[in-house]
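Below you'll find the structure, written out as structure tokens, and then a few comments.
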Amino acid sequence: MVYLRDRGPTEIGGFGISDLEEPLLITDVVLIPQQCTSVTVKFDDAGVADYFDAQVDLGRRPEEFARLWIHTHPGTSPEPSGTDETTFARVFGSSDWAVMFILARGGATYAQLRFRAGPGGQVRIPVEVDFGHEFAASDQATWNHEYQENVRMPLPELPFGTTDPLVESRFDRRLWDEFNEREMMELDDPFLLREEIR
């Protein structure tokens with residue numbers, strides 16, 4: 001998750017895969033196709049449906065793949081925003097239990113467990129890396145591929161009628177028009193666009 005957090009300047013999000021016997025033990029993180037900015041993550045609805053279908057096909061239960069919402073903050077604060085809290089309540093509020101986990105730059109974390117048992121409630125829970133369980137080796141090539149396949153960033157809006165020569169010399173209207181015709185960018189790495197425009 002640290003590698004994915006530091007891969008770009010935006011938030012990113014996904015679902016944690018947990019151990020059936022230890023539901024709060026995250027054994028993997030799966031990214032969903034998403035549109036990201038420095039303050040938002042919007043999952044692609046079809047991507048979420050495909051993810052759920054794939055997990056069910058693997059024989060997993062929702063408790064293993066649909067209860068752990070994981071995302072990053074590109075700043076140093078892991079505290080959930082109002083949007084984070086609203087999204088968590090709206091999307092996971094009907095689940096028996098769910099966790100919102102946030103990893104900020106610098107390593108600070110936040111985790112909140114929400115549950116419906118009894119009167120229901122929510123509590124902040126500690127986060128730790130459990131080195132007592134086996135885990136796969138680091139695979140940055142695979143992680144990078146997953147990032148490139150799923151994380152999309154919109155191009156910045158340019159002011160109408162801009163006269164900034166630096167902006168004008170690097171802005172190609174054809175690329176902008178082509179982008180606007182797509183629902184999601186299909187570039188391998190949105191940062192490469194800056195090089196293509198020069």
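The values are calculated or read from the model by the stated rules, or taken from the named source; none is laboratory data. All values derive from a computational prediction rather than experimental measurement. Positions of Cβ are generated from backbone atoms using ideal geometry, with glycine treated the same way; all protein chains shown enter the neighbour counts.
Return yes when P74 is in contact (Cβ under 8 Å) with a residue 24 or more places away in the chain and closer than 22 Å to Q140 by Cα and no when it is not.
Taking the combined requirement at face value, the residue satisfies it.
Which is assigned by TED's automatic domain parsing to the domain that holds F131, among the acidic types (D, E) and over 25 Å from Q148 (Cα atoms), of E79, E11? Can you show your working first?
On the way: E11 fails: over 25 Å from Q148 (Cα atoms).
Just a single option satisfies the conditions, and that option is E79.
For residues that are more than 21 Å from T76 (Cβ to Cβ) and among the hydroxyl-bearing types (S, T, Y), scanning just segment 1-49, find the one that is modelled with the lowest pLDDT.
It comes out as T27.
Residues A54, A89: which one is more than 22 Å from R7 (Cα to Cα), modelled with pLDDT of 95 or more and in a helix (DSSP H, G or I)?
When all the criteria are applied, what remains is A54.
Does at least one position in segment 11-31 carry a residue that is under 14 Å from the mean Cα position of the chain (by Cα) and either more than 23 Å from V127 (Cα to Cα) or among the polar types (S, T, N, Q) (or both)?
no
Give the residue that is nearest to E146 (Cα to Cα), with candidates limited to residues of segment 25-38 that are among the hydrophobic types (A, V, I, L, M, F, W, C) and touching a Ser or Thr at 6+ places or on another chain (Cβ under 7 Å).
Ranking the candidates gives C36 first.
Taking segment 130-148 on its own, how many of its residues are touching a Leu at 6+ places or on another chain (Cβ under 8 Å) and either polar (S, T, N, Q) or not in a loop (DSSP other than H, G, I, E, B) (or both)? Can you show your working first?
Restricting attention to segment 130-148, the residues satisfying the condition of being touching a Leu at 6+ places or on another chain (Cβ under 8 Å) are 130, 133, 143, 146-147.
Filter once more, keeping what is either polar (S, T, N, Q) or not in a loop (DSSP other than H, G, I, E, B) (or both): 143, 146-147.
Number of matching residues: 3.
Which residues, taken from segment 96-129, are surrounded by 15 or more Cβ atoms within 10 Å (Cβ to Cβ), in a loop (DSSP other than H, G, I, E, B) and either modelled with pLDDT of 95 or more or not charged (D, E, K, R) (or both)?
A108, V127
What pairs come out if I take residues in segment 85-96 that are within 15 Å of G120 (Cα to Cα) and pair them with residues that are among the small types (G, A, S) and surrounded by 11 or more Cβ atoms within 10 Å (Cβ to Cβ) whose C-beta lies under 6 Å away, six or more apart or interchain?
Note: pairs meeting the criteria are F92/A98.
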